[in-house]
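Coordinate-derived values only; no laboratory data. If you're wondering where the values come from, they're calculated on a predicted model, not measured in any experiment. Cβ atoms come from the backbone with ideal geometry, glycine included; neighbour counts cover every protein chain shown.
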Amino acid sequence: MPYTAGAHVQMEETGMGTEVIEVSDADFAEKVEQSSKPVLVDFWAEWCGPCRAMAPVLDDFASEYGEKITVAKLNVDSSPSTAQRFQVMSIPTMLLFEGGQPKKQLVGAMPKEHLAAELGEWA
């Protein structure tokens, strides 16, 4: 199922990888910081045009690389504490977490190929 802004997305195993999941202030520690594999968190908001442009890119990335990296989305309007905690000032911002710690930060919309190249160490 493709990611749609504002929709509740469940993680589903597919033949090619996994789907994008939603995280919030309430479950960030469980789903991101305690994950056994790296997690790419997209900090976004519904009103953000570049964030909406990243949705299909992240869907494609999750389908292709989801077995190695979990892709998650955190709405900064409904979960501002986590965004503040990681000093997210611009959106879209993507943080890659490994072992519960942020390892890489990417800011702005980009094509899947650029995203994959930036995350090559983990993808």
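Could you check the simple spin-label distance between SER90 and ALA53, using points 7 Å along Cα→Cβ, in nm with one decimal?
1.3
Alpha carbons only, please: Rg and Dmax for the chain, in angstrom.
Over the chain's Cα set, Rg and Dmax evaluate to 12.7, 36 Å.
Would you mind telling me the antiparallel percentage of the DSSP bridges in the chain, rounded to 5?
DSSP beta bridges in the chain are roughly 55 percent antiparallel.
Considering Cα pairs under 8 angstrom that are at least six residues apart, work out the relative contact order of the chain and quote it in whole percent. If you can, show how the numbers build up before the last one.
Details: 215 pairs, mean separation 38.0, N = 123.
Relative contact order comes out at 31 percent.
Take SER78 and LYS104, extend 7 Å from each Cα along the Cα→Cβ direction, and tell me the distance between the two endpoints in nm.
In this crude spin-label approximation the distance works out to 2.8 nm.
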